[in-house]
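Encoded as structure tokens, the structure appears first; notes follow it.
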Amino acid sequence: MKHTHIFTSESVGEGHPDKVADSISDAVLDACLEQDPESRVACETLVKSDQVILAGEITTRAVVDYERVVRGTIREIGYCTREDDACFNAGTAAITNLITEQSPDIARGVDAAPADGKEGAEQGAGDQGIVFGFATRETPEYMPAPVMFAHTVTRRLARARKDREVSWLRPDCKSQVAVEYADGEPRRIVNVVLSTQHAPSAGLGEIRAFCTDLVRSVLPARLLTAETEYLVNPTGRFVTGGPEGDCGLTGRKIIVDTYGGMSRHGGGAFSGKDCSKVDRSGAYMCRWAAKHIVAAGLAARCEIRVAYAIGRAEPVSVDADCFGTAAIDERAIVDRVRGVFSFKPADMVRALGLTRPIFRRSTNYGHFTKGDLPWETLDPARLEALRQG
């Protein structure tokens, strides 16, 4: 008899208030890196009603017009100057800037940490922390099916809005997909929940018909059944949304940003942080390593976990869990990972090119779902090295 269970993951759209905050923080980061690749950035954003508050610590040689960056990001998301966006829009939002420079105590550990047993200095971790990376063969992207499906729905809804397929779609939305597994493999989609902000003039019947058809068009037909349930705008109305309807904060969607709950999470957010912060660069490197393990055929599922101490370059621990799917001994996998990948902060930044202004591309629909980002690109030489051991 097959063992079955249901796993559910969610995604949020670009106009969700937390994602508005993430997008602004990453846009500020990219603006700094465009002029100064050595920028140290920890930018936090709060959005509520018609207010945007920037806070955090930035040390950079870049000269950044923060107001231009904020308004441009809001406009790109879709909160433009329209009558129905009167509370929060790119043209009229009030912006408060509370950014200061990075603490010299933190900079001291990041910029030069004693290399254990070596002469000279190496870049240390900006803080203590635990990071995880995960990969699975469930989808072509090596991502868990539930969160990948949820992102697919919200991404397609955003395209429908921006292409004006219908006139009533607004930027705020959320999706949720429940997948039934049989013996560890996706068997069917049990239900899909989709809530989308809309213009007051749109009727519930029109919204539900359009969104149900949209969902069916992008999810795998082999997993949709006659019993699959579609719950579109379950409350019946979603006109007030975005920062008008809810407060948004940077870093509040860390499970959406990663694996939808399928893998563990160290707790550190990504957006608004340059990659001297290991909770971003370390998580990217762990994902890169885990993806190579699965792609090399060494396991069907793999979670890499790494821990850091502030100011120290070498991780204090590196380990892996393949959940019983490993083709070789797990300790051998850990040894191969440590031989092929360096988890030192400066090495990760160099290997993945993390001083480039590429982070705005990572903000929405998961940080591990876009094949053009460096931590998602498979390296044939590393794949072969892992296979050969």
Item checked: Meets criteria (open to solvent by less than 40 Å² (accessible area, probe 1.4 Å), in contact with a His (Cβ under 7 Å, 6 or more places away or on another chain), touching a residue at least 60 places away in the same chain (Cβ under 8 Å) and among the polar types (S, T, N, Q)) for T250 -> no
Note to self: I'm trying to understand the selection: among the residues of segment 1-55, which are open to solvent by less than 10 Å² (accessible area, probe 1.4 Å), in a strand (DSSP E or B) and not hydroxyl-bearing (S, T, Y)?
What the structure shows: V12, V41, C43, V47, V52, L54
Next item on the list: Kindly indicate whether any position in segment 161-168 is in contact (Cβ under 8 Å) with a residue 60 or more places away in the chain and surrounded by fewer than 16 Cβ atoms within 10 Å (Cβ to Cβ).
Entry: yes
Notebook entry, point to check: If a residue has to be outside any loop (DSSP other than H, G, I, E, B), at pLDDT 90 or above and surrounded by fewer than 20 Cβ atoms within 10 Å (Cβ to Cβ) to count, how many in segment 72-96 make the cut?
Noted result: 6
Item checked: Pick from segment 258-271, criterion in contact with a helix residue (DSSP H, G or I) (Cβ under 8 Å, 6 or more places away or on another chain) and surrounded by 19 or more Cβ atoms within 10 Å (Cβ to Cβ), ranking: nearest to R361 (Cα to Cα) -> S271
Note to self: Checking the structure you have, find out if any residue of segment 333-355 is touching a Gly at 6+ places or on another chain (Cβ under 6 Å) and either in a loop (DSSP other than H, G, I, E, B) or closer than 25 Å to A150 by Cβ (or both).
What the structure shows: no
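Quick grid of which residues meet (1) out of contact with any helix residue (DSSP H, G or I) (no Cβ under 7 Å at 6 or more places or on another chain); (2) farther than 15 Å from A290 by Cβ; (3) open to solvent by less than 60 Å² (accessible area, probe 1.4 Å):
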position	(1), (2), (3)
V318	no, no, yes
A332	yes, yes, yes
R360	no, yes, yes
K370	no, yes, yes
A381	yes, yes, no
R387	yes, yes, no
Item checked: Number of the condition not met by G366 [criteria: (1) open to solvent by less than 50 Å² (accessible area, probe 1.4 Å); (2) assigned to a helix (DSSP H, G or I)] -> (2)
Margin query: Anything in segment 200-223 that is in contact (Cβ under 8 Å) with a residue 24 or more places away in the chain, more than 15 Å from R156 (Cβ to Cβ) and assigned to a loop (DSSP other than H, G, I, E, B)? List them, or say none.
Written below: P200, S201, A202
Notebook entry, point to check: Do any residues in segment 256-279 that are at positive phi have Cβ atoms under 7 Å from those of residues that are among the small types (G, A, S) and modelled with pLDDT of 95 or more, where the two are at least six apart or on different chains, and which pairs are they?
Noted result: G260/S9; G260/A150; G261/S9; G272/S25; G272/A42; G272/G56
Check: Out of all the residues in segment 289-316, which are in contact with a Pro (Cβ under 8 Å, 6 or more places away or on another chain), within 14 Å of R338 (Cβ to Cβ) and surrounded by 24 or more Cβ atoms within 10 Å (Cβ to Cβ)?
Finding: V306
Check: Of the residues that sit in segment 194-218 and are aliphatic (A, V, I, L, M) and open to solvent by less than 30 Å² (accessible area, probe 1.4 Å), which one is nearest to E10 (Cα to Cα)?
Finding: L194
Next item on the list: Would you be able to say whether some residue in segment 274-289 is within 30 Å of P37 (Cα to Cα), at pLDDT 95 or above, among the acidic types (D, E) and assigned to a loop (DSSP other than H, G, I, E, B)?
Entry: yes
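The values are calculated or read from the model by the stated rules, or taken from the named source; none is laboratory data. None of the values given here were measured: they were computed from a predicted structure. Please note: Cβ atoms are built from the backbone with ideal geometry, for glycine as well, and neighbour counts cover all protein chains shown. All accessible areas refer to the heavy atoms of the entire protein, side chains included, with ligands and DNA or RNA removed. Shrake-Rupley method; radii C 1.70, N 1.55, O 1.52, S 1.80 Å.
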